[in-house]
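What follows is a single structure, written as structure tokens, with notes after it.
The values are calculated or read from the model by the stated rules, or taken from the named source; none is laboratory data. For clarity, every value in this text was computed on a predicted model and none was experimentally measured. No Cβ is skipped: glycine too gets one built from the backbone with ideal geometry, and neighbour counts run over all protein chains shown. Accessible surface is based on the protein model in full, side chains and every heavy atom, while ligands, DNA and RNA are left aside. Shrake-Rupley method; radii C 1.70, N 1.55, O 1.52, S 1.80 Å.
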Amino acid sequence: MDINNEASNIEFEKTTDEIEEEIRLDEDKRTVLTKYSNPEITSLHDKSKRGRLILQHDFQRHFVWDRKKASRLIESALLSVPLPLFYLAENTDGSEYVIDGQQRLTSFFSFIDGKLPNGEDFKLTDMKVFPELNKKDYASLDKSLQEKIMYYNISTVTILKESDPDLKFEIFERLNTGSVPLNDMELRNCVYRGPYMDLLKNDLATDQDFRRLLKLDGPDKRMNDVELVLRFASFYHSTYLKYKPSMRQFFNRDMKKYQYILEEEKEELRSAFKNSVKIVTSLFGENAFKRFHPGTESDPNGAWETKKFNSSLYDVWMGIFWDKNKHEIFAPDILDALREGLIDLMVSNEAFIDSILIGTSDTKKVRTRFNIAMQLVEDILSNCEKQPRCFSNKMKRELFERNPTCAICGNGIHHIDDAAVDHIEQYWRGGKTDPENARLTHRYCNSARPKFD
């Protein structure tokens with residue numbers, strides 16, 4: 001496959017499970033349905049003109065061969081040199097699209113049409129066996145040479161629409177031989193074409209609030225923004241309780257099930273997605289989906305991750321708020337308590353930290369991080385009128401503005417998000433959450449404090 005040499009706009013944080021499990025297929029799915037044929041270039045050219053053969057996918061916007069390379073292909077046809085197999089895939093409507101061979105077919109079609117995709121005239125160059133044809137276009141060739149090109153046969157393998165999508169995904173990945181290999185989402189864009197892909201790519205991924213959270217000015221060049229929407233949708237549809245590894249196949253199953261999504265289902269997903277985006281924006285703003293790194297004994301000052309995006313945090317933050325009432329969440333005391341509590345999970349809850357950094361696609365780790373975060377949210381929402389467990393952000397800000405010094409280590413606190421308001425008399429001993437029982441500390445110093453002092 002030929003794709004653009006473009007890097008993603010989103011930099012993901014590496015965890016210890018980058019090697020995903022391979023797709024495992026049932027025994028009855030291990031046979032791919034294919035059709036072999038030897039079409040002439042003229043029939044494929046006509047098919048392309050009628051929209052029944054799609055050369056360029058969304059991730060293959062540019063023709064990357066130069067005129068020299070394209071000319072040598074034409075010369076091979078004139079010499080009747082056999083070309084390697086071309087791979088096509090059949091859509092549900094019977095049309096076909098090119099999996100492997102886009103650059104070669106574009107070269108043939110461009111020469112016949114007289115124009116390269118960039119609008120330049122296509123005249124042959126650097127011909128070795130037929131040097132007399134250099135600087136000639138298709139229209140100026142002798143009719144016999146024109147026919148030699150038009151009626152040149154190529155060998156194609158078409159993967160039929162009846163083939164199982166999981167197997168098609170596996171085949172597409174193996175045929176993925178471009179200079180910049182397709183990632184999983186780009187492959188899904190081949191395999192699972194339909195209204196669901198359109199919803200994810202052209203509707204939800206273009207949501208302006210979502211793009212601001214990801215700090216994107218436009219579409220991600222490698223479709224990672226679309227995969228993030230799919231991540232949300234997969235956990236929304238199946239819930240984390242029904243998750244089974246690997247993540248790749250979990251997302252593929254969701255694409256297969258909702259490939260031809262109904263309008264009612266579209267609206268439900270759209271509403272849930274936008275609800276989560278709004279709440280996460282209010283909670284974390286530009287720091288959404290990034291870790292807060294606590295300080296250390298030698299340097300107690302902590303800080304937000306500045307660049308790298310943590311996919312596990314994304315799954316949890318987006319997955320625990322889709323059904324929450326925004327008006328209830330946006331009450332100042334609740335929003336403050338949620339923000340403080342969720343940041344604290346990243347600093348002091350060892351089970352949660354482990355679940356977002358090590359073996360993150362393991363079923364147990366997925367359930368652990370969702371369960372811990374959901375329990376925190378439910379506790380805060382259910383106890384909003386009782387004695388609160390967490391001090392408010394307003395109280396923390398007042399203490400920070402009055403004296404940004406850690407009451408435990410005596411050093412200055414550089415950033416308010418690195419500050420924690422600690423109970424002087426610990427909460428578990430009956431200490432109240434009020435100004436008289438509050439002191440400002442580093443998050444690190446607070447978490448390192450003995451729990452039974």
Among the residues in segment 162-173, are any closer than 13 Å to Ser71 by Cβ, open to solvent by 50 Å² or more (accessible area, probe 1.4 Å) and assigned to a helix (DSSP H, G or I)? no
All positions within segment 423-447 that are open to solvent by less than 40 Å² (accessible area, probe 1.4 Å), in a helix (DSSP H, G or I) and free of Cβ contacts under 8 Å to residues at least 60 places away in the same chain: Asn437
Step by step: first the residues of segment 53-86, then only those that are over 18 Å from Leu116 (Cα atoms) and at pLDDT below 90, then the one that is surrounded by the most Cβ atoms within 10 Å (Cβ to Cβ). Which residue is that? Phe59
Please indicate, with yes or no, whether at least one residue in segment 118-132 is assigned to a helix (DSSP H, G or I), surrounded by 14 or more Cβ atoms within 10 Å (Cβ to Cβ) and either among the aliphatic types (A, V, I, L, M) or touching a Gly at 6+ places or on another chain (Cβ under 6 Å) (or both). no
Taking the conditions exactly as written (surrounded by fewer than 21 Cβ atoms within 10 Å (Cβ to Cβ) and at pLDDT 95 or above), does Asp354 satisfy them or not? yes
Condition broken by Phe109, with the remaining ones in (1) open to solvent by 30 Å² or more (accessible area, probe 1.4 Å); (2) farther than 30 Å from Asp254 by Cβ satisfied: (1)
Among what's in segment 377-399 and is among the hydrophobic types (A, V, I, L, M, F, W, C) and crowded, with 17+ Cβ neighbours inside 10 Å, pick the residue that is modelled with the highest pLDDT. Val377
Suppose we keep only residues that are in contact with a helix residue (DSSP H, G or I) (Cβ under 7 Å, 6 or more places away or on another chain) and modelled with pLDDT under 95 within segment 305-331. Which one would you say is farthest from Lys215 (Cα to Cα)? Glu328
Any residue at all in segment 137-153 that is of a type in the set (Val, Ile, Thr) and either free of Cβ contacts under 8 Å to residues at least 60 places away in the same chain or open to solvent by 50 Å² or more (accessible area, probe 1.4 Å) (or both)? no
Residues of segment 332-344 being surrounded by fewer than 20 Cβ atoms within 10 Å (Cβ to Cβ) and either modelled with pLDDT of 95 or more or among the hydrophobic types (A, V, I, L, M, F, W, C) (or both), which ones? Ile334, Leu335
The residue that is most open to solvent (accessible area, probe 1.4 Å), considering only those in segment 215-246 that are out of contact with any Pro (no Cβ under 9 Å at 6 or more places or on another chain), at pLDDT 95 or above and hydrophobic (A, V, I, L, M, F, W, C), is Leu241
Being in contact with a Pro (Cβ under 8 Å, 6 or more places away or on another chain) and outside any strand (DSSP E or B) narrows it down to one of Ser144, Ser110, so name that one. Ser110
